[in-house]
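Here's the structure, in structure tokens; my notes come after.
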């Protein structure tokens with residue numbers, strides 16, 4: 001089923017119920033339906049056609065859910081982008097996906113304009129929360145919702161069409177656009193709903209960005225069951241979120257391990273704290289057993305679901321909370337209605353205990369990676385609906401077929417639950433005048449899993465400080481990709497083939513003198 | 001007077017976070033709403049304040065009312081470190 005049809009079902013049953021809480025605004029199912037309908041009509045009026053791409057640079061505001069459903073009602077594809085993405089990368093993505101329109105918070109408008117100029121493309125720019133006197137040729141989101149539609153919306157859309165195009169870090173350093181159909185998203189979300197046992201009584205509080213699969217599934221699952229999604233923008237002040245969970249009587253709270261670490265480190269949490277919280281989930285990176293047991297201790301009445309996912313199929317597996325004490329390092333088994341198993345290099349299943357690559361099969365597996373519009377749309381028509389996803393993650397199983405993550409096949413870094421490609425960061429480092437050699441590794445961190453570290457050798461006579469390097473990176477990279485520390489070396493270690501070989505375990509050499 | 005903290009706090013913010021934003025910020029601007037700091041940033045900020053002023057910031061003090069703008073930070077510091085009579 002298409003996702004906007006799921007919204008339609010919930011509107012019929014729960015029109016006046018609160019669907020989304022964002023800051024001061026509380027939107028009912030009828031509100032989301034009306035506003036997304038108006039947005040869809042406005043998009044269609046300005047020429048947006050089914051399968052056109054609509055890019056988003058949005059925070060967790062009320063406009064974000066409206067933008068997703070408005071896009072889907074127009075038959076278009078939602079392309080949520082990380083709002084801290086810088087103009088150059090944004091321009092490259094605009095050139096690749098050729099969006100018909102971009103919906104951006106006014107704060108990111110200068111960046112979006114710079115990207116459009118770099119890409120040399122024309123597209124409609126819609127700004128949310130823009131003051132009426134804010135200069136430029138953008139359309140105001142709020143004004144579009146008030147317009148009277150002059151065209152009707154497309155009818156009988158197909159659930160084999162794309163719902164989402166989500167960009168994720170690839171091991172080559174170029175971002176990959178993951179294509180998920182409505183059927184993919186629906187299959188993943190119905191499966192998640194079944195094992196979390198979500199109902200219309202659920203109130204989920206999410207700080208996860210809606211540019212991220214784990215964030216988007218919170219929105220879609222709540223809309224499917226007629227529950228309530230409380231959006232918060234950040235976990236920077238954990239106490240504030242704890243208070244919000246209590247105020248809203250939240251029953252579900254999705255975490256990434258970094259957030260779990262911050263909660264686990266909080267002292268003096270009152271007894272019987274968060275009595276309404278039915279479950280927490282953890283995904284996006286491995287949750288260390290010490291954290292899961294601490295969370296269970298702080299929240300004795302709350303079920304802890306450890307999960308594992310990839311943008312390419314949204315969710316792979318979950319560990320039933322009853323198994324957590326027995327198998328604290330497992331990520332469980334394939335989510336209902338799907339298969340996940342470990343294979344050898346020939347693609348054949350291995351015996352328990354043997355390390356191999358995890359593969360995933362099922363109706364949630366993506367349609368593929370975006371290349372260009374014409375090829376993609378042609379392929380989708382002819383593609384076999386169910387394909388095997390090679391996760392690039394090495395796993396093993398125990399005797400009872402529970403899955404255990406071992407390591408990545410490539411050198412992708414996971415920090416705060418987000419993937420960082422070392423090559424992407426290295427490319428930016430090499431563009432800094434004075435850098436002769438550069439390598440990027442992930443350094444273990446108790447809170448963030450890994451943090452990004454740059455190792456740099458400078459050209460002779462060049463002087464650069466750690467701050468100079470970080471400042472340069474911050475101009476081109478999303479915030480979470482920017483190195484937290486820089487180590488200066490005379491030369492970087494190389495393999496016999498001359499390739500720079502840097503592993504996180506390499507003993508640090510003394511800091512050099514030209515590192516000021 | 002809270003002003004005694006102003007220059008050090010402002011310098012730390014501008015050295016460490018402002019290069020992410022395009023423009024300078026007002027003392028009253030929310031650092032979070034402005035996209036200037038995130039959860040890593042808040043931890044760095046706490047480490048800076050604790051090291052610079054020799055204070056311990058309790059978990060329940062890590063709230064926007066104390067730390068989310070330059071103005072909030074300097075009045076928090078003034079409450080935390082009253083001038084000796």
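List of remarks:
- Meets criteria (away from chain B (no Cβ under 14 Å), touching a residue at least 60 places away in the same chain (Cβ under 8 Å), in contact with a helix residue (DSSP H, G or I) (Cβ under 6 Å, 6 or more places away or on another chain) and closer than 26 Å to residue A:3 by Cβ) for residue A:145: yes
- As a summary of the residue check, residue A:236 satisfies the conditions (1) in contact with a strand residue (DSSP E or B) (Cβ under 9 Å, 6 or more places away or on another chain); (2) buried (at least 17 other Cβ atoms within 10 Å of the Cβ) except for the one numbered (1).
- For residue B:17: the one exception among (1) facing chain A (nearest Cβ under 8 Å); (2) modelled with pLDDT under 80: (1)
- Residue A:440 vs. criteria in contact (Cβ under 8 Å) with a residue 24 or more places away in the chain, within 14 Å of another protein chain (Cβ to nearest Cβ), buried (at least 22 other Cβ atoms within 10 Å of the Cβ) and assigned to a strand (DSSP E or B): no
- Any chance residue A:291 is assigned to a helix (DSSP H, G or I), away from chain B (no Cβ under 14 Å) and under 30 Å from residue B:73 (Cα atoms): no
- Of the set (1) within 24 Å of residue A:447 (Cα to Cα); (2) surrounded by fewer than 20 Cβ atoms within 10 Å (Cβ to Cβ); (3) touching a residue at least 40 places away in the same chain (Cβ under 8 Å), all apply to residue A:323 but (1).
- Pair list, Cβ < 8 Å and 6+ apart or interchain, from region A:148-168 residues that are over 30 Å from residue A:214 (Cβ atoms) to residues that are buried (at least 24 other Cβ atoms within 10 Å of the Cβ): A:149/A:42
- Each residue in region A:328-342 was checked for being at pLDDT below 95 and crowded, with 17+ Cβ neighbours inside 10 Å, and 1 pass.
- Scanning region A:343-353 for residues that are part of a loop (DSSP other than H, G, I, E, B) and surrounded by 12 or more Cβ atoms within 10 Å (Cβ to Cβ) yields A:344, A:350, A:352.
- Residues of region A:82-112 satisfying the condition of being touching a residue at least 60 places away in the same chain (Cβ under 8 Å) and within 14 Å of chain B (Cβ to nearest Cβ): A:82, A:83, A:84, A:85, A:86
- Summed over region A:252-283, residues that are under 18 Å from the mean Cα position of the chain (by Cα), more than 14 Å from every other protein chain (Cβ to nearest Cβ) and in a loop (DSSP other than H, G, I, E, B) total 1.
- Per-region count, region A:242-254, residues touching a helix residue (DSSP H, G or I) at 6+ places or on another chain (Cβ under 9 Å) and surrounded by fewer than 21 Cβ atoms within 10 Å (Cβ to Cβ): 1
- Some residue of region A:212-219 being assigned to a loop (DSSP other than H, G, I, E, B) and either modelled with pLDDT under 95 or over 19 Å from residue A:14 (Cα atoms) (or both): yes
- Residue match in region A:223-233 (condition: over 30 Å from residue A:9 (Cα atoms), at pLDDT 90 or above and at the interface with another protein chain (Cβ under 10 Å from one of its Cβ atoms)): no
- Count of residues meeting criterion [assigned to a loop (DSSP other than H, G, I, E, B) and either crowded, with 22+ Cβ neighbours inside 10 Å or out of contact with any strand residue (DSSP E or B) (no Cβ under 6 Å at 6 or more places or on another chain) (or both)] in region A:151-203: 21
- Of the residues in region B:20-31, at least one is within 7 Å of another protein chain (Cβ to nearest Cβ) and crowded, with 16+ Cβ neighbours inside 10 Å.
- Only helices (runs of 4 or more DSSP H) whose full extent lies in region A:4-114 are considered here, and the ones with at least 3 residues that are under 17 Å from residue A:139 (Cβ atoms) and in contact with a strand residue (DSSP E or B) (Cβ under 9 Å, 6 or more places away or on another chain) are A:29-45, A:63-73.
- Test: residue in region B:38-45 that is more than 9 Å from chain A (Cβ to nearest Cβ) and at pLDDT 90 or above: yes
- Residue A:316 at pLDDT below 95, closer than 26 Å to residue A:362 by Cα and surrounded by 21 or more Cβ atoms within 10 Å (Cβ to Cβ): no
- Each residue in region A:452-465 was checked for being touching a helix residue (DSSP H, G or I) at 6+ places or on another chain (Cβ under 8 Å) and either within 14 Å of chain B (Cβ to nearest Cβ) or surrounded by fewer than 20 Cβ atoms within 10 Å (Cβ to Cβ) (or both), and 1 of them qualify.
- Residues within region A:403-421 that are outside any loop (DSSP other than H, G, I, E, B) and touching a residue at least 24 places away in the same chain (Cβ under 8 Å), tallied: 10
- Every condition in (1) within 12 Å of chain B (Cβ to nearest Cβ); (2) surrounded by fewer than 20 Cβ atoms within 10 Å (Cβ to Cβ) holds for residue A:477 except the one numbered (2).
- Note on region A:124-135: among residues that are without any contact (Cβ under 8 Å) to a residue 40 or more places away in the chain and surrounded by 12 or more Cβ atoms within 10 Å (Cβ to Cβ), the one that is farthest from residue A:66 (Cα to Cα) is A:134.
- Taken over region A:204-222, residues that are within 14 Å of chain B (Cβ to nearest Cβ) and in contact with a strand residue (DSSP E or B) (Cβ under 7 Å, 6 or more places away or on another chain) amount to 2.
- Among the residues of region B:49-71, those identified as under 25 Å from residue A:484 (Cβ atoms), assigned to a helix (DSSP H, G or I) and within 14 Å of chain A (Cβ to nearest Cβ) are B:59, B:61, B:64, B:66, B:67.
The values are calculated or read from the model by the stated rules, or taken from the named source; none is laboratory data. What you are looking at is a predicted structure, and each value in this text was computed from that prediction instead of being measured. All Cβ positions, even for glycine, are placed from backbone atoms using ideal geometry, and neighbour counts span all protein chains on display.
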